[in-house]
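In what follows, a single structure is set out as structure tokens and then discussed.
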Amino acid sequence: MATMDGDLVRQDASVLAQAMVEGEVSSEEITRAHLDRIASVDDRVHAFLHVLSDDAISSAREVDRRRAAGERLGPLAGVPLALKDVLTMTGVPTTCGSRVLEGWRPPYDSTVVERLRSADIVILGKTNMDEFAMGSSTEHSAYGPTHNPWDLERIPGGSGGGSAAALAAFEAPLAIGTDTGGSIRQPAAVTGTVGVKPTYGGVSRYGLVALASSLDQPGPCARTVMDTALLHAVIAGHDPRDSTSIRAEVPDIVGAARAADVRGMRIGLVRELGGEGYQAGVRQRFEESVAILTDLGAEVVEVSCPNFEYALAAYYLILPSEASSNLARFDGMRYGLREGDDGSRSVEEVMALTREAGFGAEVKRRIMIGTYALSSGYYDAYYGSAQKVRTLITRDFTAAFEDVDVLVSPTAPTTAFKIGDKVDDPLAMYLNDIATIPVNLAGNAAMSLPIGLAPEDGLPVGLQIMAPPMADDRLYRVGGALEAALVDHWGHQLIEEAPQL
Amino acid sequence: MTTTHDTIPFAQALEKFDPVLGLETHVELGTASKMFCSCPTEFGAAANTQVCPVCLGLPGSMPVVNAMAVESTIRMGLALNCSIAEWCRFARKNYFYPDMPKDYQVSQYDEPLCFDGYLDVTVETDDGPREFRVEIERVHMEEDTGKLTHAGGATGRIHGADYSLVDYNRAGIPLIEIVTKPIEGTGSLAPLVARAYVTELRDLMRGLGVSDVRMEEGSLRCDVNVSLAPPGDPWGTRSETKNVNSLRSVERAVHSEIERQAAVLASGGRVIQETRHFHEDTGRSTSGRSKEQAEDYRYFPEPDLVPVAPSREWVEELRATLPEPPSVKRARLRAEWGVSDHDFQTLINAGALLLVEETIAAGVDQAAARKWWSGELTRIANDRGLELDSLGVTPDDIKRVEELLAEGSLNDKLARQVFDGVIAGEGTVDEIVASRGLGVVSDDSALLTAIDAALAEQPDVAEKIKGGKVQAAGAIVGAVMKATRGQADAAKVRSLLLERLGVEG
Amino acid sequence: MTSITREEVEHLARLARLQLSDDEIAHYAGQLDVILQSVARVAEVAGDDIPPTSHPIPMVNVYRDDVARPGLDRAAVAAGAPAWEDDRFRVPRILDEE
């Protein structure tokens, strides 16, 4: 285990955890250091919507007290974490990046938060996101965009840009995101951090404000593969409150991250995600990483997943449909914003005025699309047919995984673009997700990890690893091996090259 | 557009048109917890104290299916001779309404758990009993909504209210919807068939133990669909009538809708596809929301729930738990009781069968049980426009009355007054006998005093009796009964009288 | 391929309870055409013989025992409510009976 040197905020979670065990530092010190960091840089990064200073410190103190009393604590006890503002936490504002939930404090904890608390992880605050997780840049937050710590004029990815930026800005060593079409992986790629979308059903969605119920998954984010694995192990597992939660044992992801050995593995390059039209630097770094995997002892072959071409189209029928239904509850009657209730208006009018005022443009667009796709007369051709494409994509994955152990591709077609560049062009924005979407449609697991900077702009590039459903451990085995080789080659983690804030 | 309230008399309506009926009933299950969450379901709790993130539809909440609800639905389907789906899903029915926490209802759409069944019902006609097989389209699971109260208006109803208040305690209660296929060929018996079907359904559900099925409490709800068309023509446009809260209302709603639609059609008008609201007091319905613009519910499979795929083994296990089918049970009871078909059918029509059974189970002789329920109590229920089982008379009440009759403390006439008291809520049988002073006078000396007084008043009658016209004793007995307000045992009075006069009776 | 009309947009907005401005209605008519492109694309492969997938990971029969447990404290429920009266959520007057 690496020993600590330098700033507390620049350490890996596993290093911090070990230092606490050895009595070198307390959770309170670590927590305060991170709160100071947030206070120092977040005015520019804007990763956080809500910082829980007092709660975090008292949680940290409690962990220290129990450790001092001789209690055996979990592997991440006392380590701070940033939580995407889409998961409920009792008494803490949960806005989902929207005005419609401004000020709402849930009366219950999500299962993810319960598990984080049971693991004695210290939650620093709630992070910024595209409104209701709809977006790839965090520009659609009602509370202003988050800025990429690598270049503050650029987007940090989305929808979980806040969590990824918090990691990249050293405001937290751990974060939780959610991924519906790439919202963990794409921000990880453009911020030089690690993010994983577990197998659908691997992490409980109870308390996750739903976007597209059949696509959403909460997932772990960190700066290293091992830290991500440790966090994954905390939050994953069956939850009886989520009917779609997997009943199987969580595979040994930490063990796989530790083993980090690809010898004898077969790795597939997806021809359809091969990078035609991708940014040159993205393709270059990707090809270099594939070569490294071969050097490490893996056999790399090309596979074809011909139905992946249709993934974007299917996604843009399925997501809005489910979202339009999931967001219907925001009607101003029971919680959140209520607009226009002057005593004379009808409930129908007040609902419509509330939603018009409370939702941003992208959310309204997708609600309209989804309402249309589910309308009578259109269901079969629209939503119904899109669900058939899912079957085809799943079949492509199944066939591929009969031949290879994992698949790889670049995570995103470009590095971080400038804030404002694509926000008015939805189609261009949607193309950011082209490589990440198939995995959400099929429900299997995927990771993005940093593989270098694009030479033309010096911005991070990510590689995506895709594993069969329930084989999340393979992500960590391959990711761990690649990361180790790259770090060895660079002499340091990629994130060390991020500009000082 | 016609706003007339014209009707054509029923018999006349049926000369011109054939009715087609459709009945949709909702049964509230008596489970301990709600359909998709563990909230308690006891009736009458303080507002908004039986809610949780799931049934309130809070952001991030997720449903989990109540196993007992699935089990009960399968049993209901089997009792209705349905096929049970091997694989089916829940679906979201999307629409906005303040009593809907999620602004969608989790229900079942094109994949009901049970389908293609039937229920045989019998209706008494002048030509004897006629049987109808009502085909069941589907039996499916869904969740109930919250309850609205409307404030500020004059009537407490929606129209004219200033605002409304919502209690979500009932949101998420398991509701099972049973839909018939269109019921044809009932002609003038349509109202009776409808009533018989709902009665039979109710008794079936009670026998299964899945619900209280009390219409007046809302645990059994019925929407009545009626359409008319000239014989041989394609089916007409149907209307839906809601707020049908009793078996009697089912019958009246069908009856009045036939009369109304006949008038519309006969005058060359067009029946509008609409939802109508039934009024207990007038026996008629008024126009509600027009369904011309049918709401688009945008059904799609519920992604937060996984399919329900009951194994065939489980279905057969549940089939074995079904009580005896109603027709078999009825045949058995009819034989046991030695009752004529007509008398038996009368019992059924009065909705009394289950009550008679329960009364017999309480220890009352079957003839007495039948006599009370299909006789006096049915008469009272009809007079007051109530259902038999909402009178408030229990099998134990009847048992007590029978005991008092057997020991001579009550006679028939007094017993009826006791029942009046029970229905009026005055207390137990014994309390009423005491408070109303209804005991039979058994004290001989008191009776003799009354006899002597009557004899004194009618000396000529005394002479007639002594002269051998024993029948004349009736006048004295009558006078004594009157004097004791019926609280004497007539036979005893007669024998005392004759003894008094030294005459052999 | 037909484009989406203004009337259709208004109808959808009503279904979705969105009080769109005139500008927005005009704007969406064009925007929603995006969906028609997706539809055409999907139609290329979505044959009749292909079953739809509604759940990515196949699972059936997930149930909960019929046991009652207390839910939320009413105070917690009331705390988030935009309007509350007589222990109930107060909502504006309803025009349409359901």
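The values are calculated or read from the model by the stated rules, or taken from the named source; none is laboratory data. Just so you know, these numbers come straight off a predicted model, no measurement behind them. Counting neighbours? That spans all protein chains shown, and the Cβs are built from the backbone with ideal geometry, glycine included. The accessibility values were calculated without ligands, DNA or RNA, using every heavy atom of the protein model including side chains. Shrake-Rupley method; radii C 1.70, N 1.55, O 1.52, S 1.80 Å.
Other protein chain C-beta atoms within 10 Å of residue C-beta, averaged over B:405-413: 0. Charged neighbours of B:Arg284, selected by a Cβ distance under 13 Å, balance to -2 (K, R count +1; D, E count -1). When you count the other C-beta atoms within 10 angstrom of each residue and take the mean per peptide, B:264-276, A:196-208, A:426-438, A:340-352 line up highest first as A:196-208, A:426-438, A:340-352, B:264-276.
Convex hull volume of the Cα atoms of the stretch B:60-217, normalised per residue: 160 Å³. Let a ≥ b ≥ c be the square roots of the eigenvalues of the Cα gyration tensor of the stretch A:258-388; is it rounded (a/c under 1.5), or, if not, prolate (a/b larger than b/c) or oblate? Prolate is the answer for the stretch A:258-388, as a/c is 1.5 or above and a/b outweighs b/c. Binning the C-alpha pair distances of the stretch B:328-473 at 10 Å intervals from 0 yields a P(r) profile of 10, 32, 25, 17, 13, 2, 0 %, listed from the shortest bin outward. With all projection directions averaged, the alpha carbon convex hull of chain B covers 30.6 nm². The alpha carbons of chain A stretch over 67, 54, 45 Å along the principal axes, in descending order.
Accessible area ranking (1.4 Å probe, heavy atoms, ligands and nucleic acids excluded), largest first, for B:Glu499, B:Glu135, B:Glu240: B:Glu499, B:Glu135, B:Glu240. Derived scalar couplings between HN and Hα for the stretch B:125-137 equal 10, 4, 9, x, x, 10, 9, 10, 9, 8, 7, 9, 6 Hz in order, rounded to whole Hz, by the Karplus curve 6.51 cos²θ - 1.76 cosθ + 1.60 (θ = phi - 60°), x for Gly and Pro. Taken residue by residue and averaged, Cβ atoms of other chains lying within 10 Å of the Cβ of A:371-382 number 6. Viscosity 1.002 mPa s, temperature 20 °C: Stokes-Einstein D of chain C from its Kirkwood Cα radius, in µm² per second? Stokes-Einstein gives a translational diffusion coefficient of 110 µm²/s. Per-residue surface analysis assigns B:Trp235 an accessible area of about 140 Å², computed on protein heavy atoms at 1.4 Å probe radius. For the peptides A:279-289, A:315-325, the ranking by mean Cβ contacts within 10 Å, running from highest to lowest, is A:315-325, A:279-289.
Applied to the stretch B:114-124, the Karplus parametrisation 6.51 cos²θ - 1.76 cosθ + 1.60 on θ = phi - 60° returns per-residue 3J(HN,Hα) values of 10, 7, 6, x, 7, 9, 8, 10, 10, 10, 7 Hz, with x for Gly and Pro.
Using the alpha-carbon atoms, what tilt in degrees (0 to 90, nearest 10) does helix C:33-43 show relative to the longest principal axis of chain C? So the inclination is approximately 80 degrees. Solvent exposure of B:Thr122, expressed as accessible area, is near 40 Å², computed with a probe of 1.4 Å over the protein chains only. Rounded to the nearest 10 degrees, the inclination of helix B:247-266 to the longest alpha-carbon principal axis of chain B is 60 degrees.
The alpha carbon radius of gyration of the stretch B:324-412, expressed as a multiple of 2.2 N^0.38 Å, is 1.08. Taking the square roots of five times each eigenvalue of the Cα gyration tensor of the stretch B:398-446, the equivalent ellipsoid has semi-axes of 18, 12, 8 Å, listed largest first. Over all distinct Cα-Cα pairs of the stretch A:249-333, the Kirkwood formula returns a hydrodynamic radius of 16.8 Å. Cross-link partners for B:Lys492 among the aspartates and glutamates, with Cα-Cα distance under 16 Å and sequence neighbours closer than 8 places in the same chain left out: B:Glu407, B:Asp412, B:Asp443, B:Asp444, B:Asp452, B:Glu504. Projected onto its three principal axes, the C-alpha set of the stretch A:236-275 covers 39, 29, 14 Å, listed from the longest axis down. Using all pairs of distinct alpha-carbon atoms, the Kirkwood hydrodynamic radius of the stretch A:40-94 works out to 13.3 angstrom.
Within straight-line reach of A:Lys388, meaning a Cα separation under 25 Å, sit the following lysines at least 8 residues removed in sequence or on another chain: A:Lys197, B:Lys93. Computed on the Cα trace of the protein assembly as shown, the radius of gyration divided by the Kirkwood hydrodynamic radius gives Rg/Rh = 1.11. What's the FRET efficiency of A:Thr90 with B:Asp162 using the Cβ-Cβ distance as r and R₀ = 35 Å, to the nearest 0.05? So the FRET efficiency works out to roughly 0.50. Once you sort the root eigenvalues of the Cα gyration tensor of the stretch A:69-188 as a ≥ b ≥ c, which label holds: rounded (a/c under 1.5), prolate (a/b larger than b/c) or oblate (the other case)? It comes out oblate by the Cα gyration axes. On the basis of the beta-carbon distance and an R0 of 35 Å, A:Ala291 and A:Arg247 show a calculated FRET efficiency of 0.30. In terms of packing, defined here as the mean over residues of other Cβ atoms within 10 angstrom, the peptides A:480-491, B:214-225 line up highest first as B:214-225, A:480-491. For the peptide A:104-110, the mean number of other protein chain Cβ atoms found within 10 angstrom of a residue's Cβ is 6. When a/c is below 1.5 the answer is rounded, else prolate if a/b is larger than b/c, else oblate, so apply that to the stretch A:372-501 with a ≥ b ≥ c taken from the square roots of the Cα gyration tensor eigenvalues. It is oblate, given that a/c is not under 1.5 and a/b is not larger than b/c. Across the stretch B:464-479, computed HN-Hα scalar couplings (Karplus, 6.51 cos²θ - 1.76 cosθ + 1.60, θ = phi - 60°) run 4, 5, 4, x, x, 8, 4, 4, 4, 4, x, 5, 5, 4, x, 5 Hz from first to last residue, x flagging Gly and Pro.
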